[in-house]
Amino acid sequence: MPTISIAERAGQVGSTAVSEWIDVTQAMIDKFADATGDHQFIHTDPVRAAQTPFGGTIAHGFLTLSLMPQMQARTDVPEIEGVRMGVNYGGNKVRFLTPVPSGSRIRGHFKLLELVEKRPGQWQQTTELTVEIEGQDKPALIAEWIGQIFV
C-alpha cells in the first residue's frame, strides 16, 4: 500500500474516499449481540423480527458504527508514514438514520474534515462518515468522528 507523510495527508482536507462493500450477516449480528449483551429480538430472532416493520432482523446501530475501522481500511487512502498508534477520541455527532437488514451490504463514504497538529507528534483528525446500504437511497448512519494519530 502506498504511504504519505502526515503533512501530505493534512493537505488533503476535503478529500473523500469510498470503501469496498462489507456483508452484514446474521452471524456477525449474533456475535455482536454476544459481545455487548444486547440480545433484543429485532437483532437476534428472525421469526419475531419478521413481524415488525423491519420485516426481519437488523444490525445494531453500534455494530454498523463499529465497522468504521474495517471500512476505512478498505479504501484507497494511503497509510500515513511513521504512525506509532491511533486512538479514538470521540464523536461530534452520530445519527442512525436507516436500519441495516441482516444480509445487506454496506460501505463507508469518508470525508476528511480536519487534520491538525495538537502538539508535536500528536495529530487530531476529524472525519465525516456516511454509511451507504446497497440499494437504498437513505444512509444507515452519518457520523463525525475524531481520532488521534501519534507519529
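Within region 54-64, not a single residue is over 17 Å from P99 (Cβ atoms) and part of a helix (DSSP H, G or I). Of the strands (runs of 3 or more DSSP E) lying entirely inside region 79-151, the ones with 2 or more residues being in contact with a Ser or Thr (Cβ under 9 Å, 6 or more places away or on another chain) and buried (at least 16 other Cβ atoms within 10 Å of the Cβ) are found at 105-119, 122-133, 141-150. Within region 32-46, identify whether any single residue is farther than 19 Å from S104 by Cα, surrounded by 13 or more Cβ atoms within 10 Å (Cβ to Cβ) and in contact (Cβ under 8 Å) with a residue 60 or more places away in the chain, and answer yes or no. Among the residues of region 32-46, not one is farther than 19 Å from S104 by Cα, surrounded by 13 or more Cβ atoms within 10 Å (Cβ to Cβ) and in contact (Cβ under 8 Å) with a residue 60 or more places away in the chain, which makes the answer no. You will find that of G108, G103, G82, G14, the residue that is closer than 21 Å to G135 by Cα, more than 16 Å from the chain's Cα centre (by Cα) and either at pLDDT below 95 or of a type outside the set (A, V, I, L, M) (or both) is G103 and no other. From the list Q72, Q51, which one is of a type outside the set (A, V, I, L, M), part of a helix (DSSP H, G or I) and either over 21 Å from E128 (Cα atoms) or without any contact (Cβ under 8 Å) to a residue 60 or more places away in the chain (or both)? Q72 is the lone residue from the list that is of a type outside the set (A, V, I, L, M), part of a helix (DSSP H, G or I) and either over 21 Å from E128 (Cα atoms) or without any contact (Cβ under 8 Å) to a residue 60 or more places away in the chain (or both).
The values are calculated or read from the model by the stated rules, or taken from the named source; none is laboratory data. Everything numeric here is computed off the predicted structure, so don't read it as measured data. No Cβ is skipped: glycine too gets one built from the backbone with ideal geometry, and neighbour counts run over all protein chains shown.
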